[in-house]
Amino acid sequence: MSGEVGALHARSRALAVLRVRSRALAVALLPAAVAVVLIVAAAQGRIEGSAWHTARWAVTAAALLVLLLAAVVAAVIARARPALSPTVDLAESSAPDLYRLVRDLAERLDVPPPSAIALTPDCDSWLEDRTHPAHTAGRGVLPARFIRDAGARAARARRVPAAPVLVIGSPFMWWMRVGELRAILAPVVAGTGPSAHPDIAAARRFVRGLDAAVGVAARPGLDPVRRLALGFVGSIARLLLRGCRVHAAEMERGVAVAASERAQAVDYGVRIVAQEQVGLAYAGWDRLLTRVALPAWRMGRWPSRLDAGVVSALTELSRRDRLAEGFTSRLGERPACDLLEEPGIADEATSLLAARLFHGGPADPGPDWAPVDWAAYPEEVVDRKWRTEAARLHRVLDALDERGEAESAAPTLSRVIDHLAASDGEAADRLSARIAAAVADEEAASAPPPPGPEAWGDAVPLFPLQPPRTGRELLADHVTAMVCCAAVDTAGALPGLDWLDGPSLLIDEVRRSDLASPVLALVEDGDADDLRGWLASVGVRPEKPVRLV
């Protein structure tokens with residue numbers, strides 16, 4: 001499908017979507033039309049008799065009821081707020097070079113420039129329509145100096161129809177070079193052309209309104225009367241969505257084809273290289289979130305420079321992966337984050353938004369939700385995580401103590417090793433189950449209550465970053481934490497940060513990655529020989545008490 005054919009296909013599908021809307025309107029007006037015909041015929045004496053009189057009033061009453069219900073449905077669809085992607089809005093004064101790059105790109109593509117630019121903590125970029133009246137209020141996450149020209153933009157928006165907002169994945173801004181960013185944004189910016197077509201814009205508004213109405217109807221916490229009324233509205237909206245779903249999907253496919261074809265002539269060679277960087281950025285971003293950010297989030301801390309961290313993670317990935325050799329040579333070129341006036345502030349804002357989206361943390365920093373710099377991460381996150389898990393492990397051992405020696409039992413690694421080595425697979429299962437229950441209770445107690453839409457807007461947790469861990473996996477983590485605490489306290493080891501694997505143990509400034517196998521042998525089989533040999537090789541004294549949190 002060529003670009004011109006794709007554009008024509010998109011417009012024809014948009015008309016099909018609008019025909020669904022027209023048919024719904026016709027169905028709503030049909031009883032009223034029949035009632036008007038009957039009333040006019042009766043006034044002209046064409047129909048007489050009690051039967052016609054009764055039919056006329058019945059049809060009129062039904063028409064009024066249908067019109068009332070149609071008005072309610074239309075009002076809910078019109079007033080429902082379509083879902084928006086949570087983003088960090090960038091004012092033009094905060095990123096003049098980026099705005100200039102995007103406008104130059106739009107001029108070269110001969111399409112309207114986006115109305116604004118925003119960042120999202122994700123490895124993707126897209127256009128988003130925010131012309132709904134409910135979205136005109138400020139959504140800036142950045143400090144006031146980042147949105148000081150919002151009034152001027154709003155004044156321009158009142159004079160001319162607003163183009164879509166360009167949403168850019170923040171990892172791209174820090175990892176991509178300027179030329180690569182321009183290349184991957186070309187097909188996205190090209191989409192503003194079809195978005196300006198009246199039929200496509202109207203079809204998109206209709207579909208978004210239906211989707212928003214379905215969301216309103218499914219909202220929890222409604223009283224019975226509103227739940228019944230909105231349930232009817234939701235059923236109508238779902239019926240209309242089913243009628244136009246295929247047409248809407250084909251319309252968007254045509255728009256994408258047309259935009260991609262239009263962007264072919266812009267930086268085509270660079271775009272091929274940039275697409276390789278997109279896959280690399282996604283891999284590094286995922287590892288950074290799951291291995292590095294998640295442990296901090298669970299402790300009430302959020303890394304404040306996630307995007308800068310993804311550069312370190314991807315550089316490390318490039319160093320380890322032979323397929324990525326040569327990618328580090330790109331680092332001498334100008335990074336796309338240089339297009340921002342204050343990249344550190346933007347990074348902090350997107351890092352907080354990432355914590356809200358992927359973990360569900362509060363919207364603002366506080367005593368139990370504080371930022372942490374990368375330099376302080378090993379001490380404030382890694383060491384604290386180990387000691388918290390070690391303390392939990394000893395509390396569970398105290399609860400399982402059947403000889404009443406819990407008060408005199410010192411928090412030593414020897415106690416843990418002896419317990420697991422002396423017990424069969426079933427005391428190990430009990431220990432795993434107790435630890436899993438303790439972890440679940442503590443996470444439930446520390447989880448903040450889910451804020452309402454007034455507090456968070458569209459920023460709600462998307463999905464768990466990691467699948468639930470089994471009891472044995474949790475037990476292995478806790479034993480590892482106890483070993484690391486003993487290594488720090490008795491062998492001069494240090495907590496460290498590995499950009500791809502998260503918390504790590506440094507011995508003589510060298511990361512030790514050979515601890516997992518001895519710990520698993522102890523946890524799974526009760527075999528302590530490998531672990532005792534490892535401890536002796538690095539000088540750890542397991543009989544010495546460790547410091548707990």
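The values are calculated or read from the model by the stated rules, or taken from the named source; none is laboratory data. These numbers come from a predicted model, not from an experiment. Glycine also receives a Cβ, built like all others from the backbone with ideal geometry; neighbour counts cover every protein chain displayed. These area figures cover heavy atoms from the full protein model, side chains too; ligands, DNA and RNA do not enter into them. Shrake-Rupley method; radii C 1.70, N 1.55, O 1.52, S 1.80 Å.
Considering only the chain, what is the antiparallel percent among its DSSP beta bridges, to the nearest 5? If you can, show how the numbers build up before the last one.
Working: 18 of 26 bridges.
The antiparallel fraction comes to roughly 70 percent.
Here are labelled values, [x] 21.9, 67; [y] 30.6, 109; [z] 45.5, 152, and one is the computed Rg and Dmax of the Cα atoms in Å for what I pasted. Which one?
Label of the calculated value: [y].
To the nearest 10 Å², what's V546's accessible area with a 1.4 Å probe?
Counting only protein heavy atoms, V546 exposes about 10 Å² to solvent.
Would you mind pulling out the separation of the Cα centroids of the stretch 506-549 and the stretch 1-71, in Å?
77
Could you state the angle between the C-alpha long axis of helix 383-400 and the longest principal axis of the C-alpha atoms of the chain, as a value from 0 to 90 degrees rounded to the nearest 10?
Relative to the chain, helix 383-400 is tipped by roughly 80 degrees.
Rank these residues by their accessible area, most exposed first, probe 1.4 Å: Y282, Y99. Numbers along the way, then the final one.
Values: Y282 130, Y99 10 Å².
So the residues, ranked largest to smallest area, are Y282, Y99.
Accessible area per residue, 1.4 Å probe, Å², for the chain: what's the number? Can you show the working numbers first?
On the way: 26720 Å² over 549 residues.
Computed with neighbouring chains in place, this is 49 Å² per residue.
Would you mind counting up the charge near R56? Only other residues with Cβ under 13 Å from its Cβ, with Lys and Arg at +1 and Asp and Glu at -1.
Local net charge: 0.
Angle, helix 96-109 long axis vs. longest principal axis of the chain, Cα atoms, 0 to 90°, nearest 10?
50
Given a cut-off of under 8 Å on Cα pairs at least six residues apart, what relative contact order in percent is computed for the chain? Don't skip to the answer; put the middle values down first.
On the way: 763 pairs, mean separation 93.0, N = 549.
This gives 17 percent for the chain.
On full extension of the chain, what length is gained from R238 through W374, given 0.36 nm per residue of separation minus the C-alpha to C-alpha distance? Spell out each step's value before the answer.
Values: separation 136, 0.36 × 136 = 48.96 nm, distance 4.74 nm.
Computed gain between R238 and W374 is 44.2 nm.
With a 10 Å radius around each residue's Cβ, average the other Cβ atoms per peptide and rank 347-359, 19-31, highest first.
Values: 347-359: 23.8, 19-31: 14.9.
Taking the mean over residues of other Cβ atoms within 10 Å, the ranking is 347-359, 19-31.
Can you list the residues of the stretch 213-257 with backbone N under 20 Å from a point 7 Å past the Cα of R19, pointing along Cα to Cβ?
239-255
Quick one: pull the percent of accessible area on the chain belonging to carbon and sulfur, 1.4 Å probe, ligands and nucleic acids left out.
Numbers: 15250 of 26720 Å².
After summing per-atom areas, the C and S share lands at 57 percent.
So for R219, R13, R177, what's the accessible-area order with a 1.4 Å probe, most first? Could the numbers behind the result be given before it?
Details: R219 105, R13 60, R177 10 Å².
Correct descending sequence by accessible area is R219, R13, R177.
Could the peptides 244-252, 473-481 be put in order, highest first, of the mean number of other beta-carbon atoms found within 10 Å of their residues? Don't jump to the answer; show the numbers that get you there.
Working: 244-252: 18.3, 473-481: 22.2.
Those peptides, ordered most packed to least, come out 473-481, 244-252.
Which of the GluC sites (Glu not before Pro) across the stretch 35-118 are loop residues per DSSP, with 14 or fewer other Cβ within 10 Å? Numbers along the way, then the final one.
Details: sites: E48, E92, E107; in loops: E48.
Listed in order of number, the matching sites are E48.
How would the stretch 7-94 be classified by its alpha-carbon gyration tensor: rounded, prolate or oblate, with rounded meaning a/c under 1.5 and the a/b versus b/c comparison settling the rest? Before the final figure, lay out each step's value.
Working: a/c = 4.89, a/b = 2.57, b/c = 1.90.
Cα axes put the stretch 7-94 in the prolate bin.
Heavy atoms only, probe 1.4 angstrom, no DNA, RNA or ligands counted: give me Y268, Y377 ranked by accessible area, highest first.
Details: Y268 120, Y377 0 Å².
Descending order: Y268, Y377.
Which shape class, rounded, prolate or oblate, goes with the stretch 188-287 when its Cα gyration tensor gives a ≥ b ≥ c as root eigenvalues, a/c under 1.5 marks rounded, and past that a/b bigger than b/c marks prolate?
The shape class here is oblate.
Taking the chain as the reference, fit the longest principal axis to its C-alpha atoms, fit the long axis of helix 413-422 to the helix C-alpha atoms, and give the angle between the two in degrees, 0 to 90, nearest 10.
90
To the nearest 0.05, what FRET efficiency results for V273 and R395 with a Förster distance of 51 Å applied to their C-beta separation? Before the final figure, lay out the partial values.
Values: r = 53 Å, r/R0 = 1.05.
After rounding, the FRET efficiency stands at 0.45.
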